[in-house]
Amino acid sequence: MMKALLQTLFDYNRWATSKVLNLVQELPDSTLDEATKHSHNTIRELLFHMVRAEWIWRNLVEFGEIGMPLPQLHDFHSLALIISLWEIENDNIEIFLDAQDDLARRLR
């Protein structure tokens with residue numbers, strides 16, 4: 001039951017993220033890097049924060065620790081690289097979820 005719920009939530013997250021990424025791909029770099037008033041200085045930094053948070057979440061659940069080295073923004077200087085990391089992480093999460101028999105026990 002827990003696995004089915006997490007799969008549903010993951011599927012929704014993947015769908016919603018793809019909507020956002022499809023929109024931001026149309027933005028010029030100048031807009032992606034324009035200073036904003038939210039906690040992440042730019043849209044690019046916010047997108048990177050979002051994908052890194054998913055990377056951290058999966059590592060915590062799968063391995064019981066954040067894991068090192070953490071992805072760093074300076075290694076993902078283009079939107080295409082951030083999207084690529086997101087696609088890889090989505091695949092990693094899908095593989096992890098598929099391999100689980102009892103996620104409820106693991107998440108306690």
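The values are calculated or read from the model by the stated rules, or taken from the named source; none is laboratory data. None of these values were measured; they are calculated from a predicted model. Heads up, the Cβs are rebuilt from the backbone with ideal geometry, glycines too, and the neighbour counts pull from every protein chain shown. The accessibility values were calculated without ligands, DNA or RNA, using every heavy atom of the protein model including side chains. Shrake-Rupley method; radii C 1.70, N 1.55, O 1.52, S 1.80 Å.
Mind checking which helices (runs of 4 or more DSSP H) fall wholly inside the chain and carry at least 1 residues that are of a type in the set (Gly, Ala, Ser) and in contact (Cβ under 8 Å) with a residue 60 or more places away in the chain? Steps first, answer last, please.
Details: elements: 2-24, 29-32, 43-63, 79-98, 103-107.
Passing ranges, in order: 103-107.
Note on the range 1-27: residues that are over 30 Å from Leu97 (Cα atoms) and open to solvent by less than 70 Å² (accessible area, probe 1.4 Å) amount to 1. Is it the case, given these coordinates, that Asp11 is among the charged types (D, E, K, R) and more than 21 Å from Asn90 (Cβ to Cβ)? It is false that Asp11 is among the charged types (D, E, K, R) and more than 21 Å from Asn90 (Cβ to Cβ).
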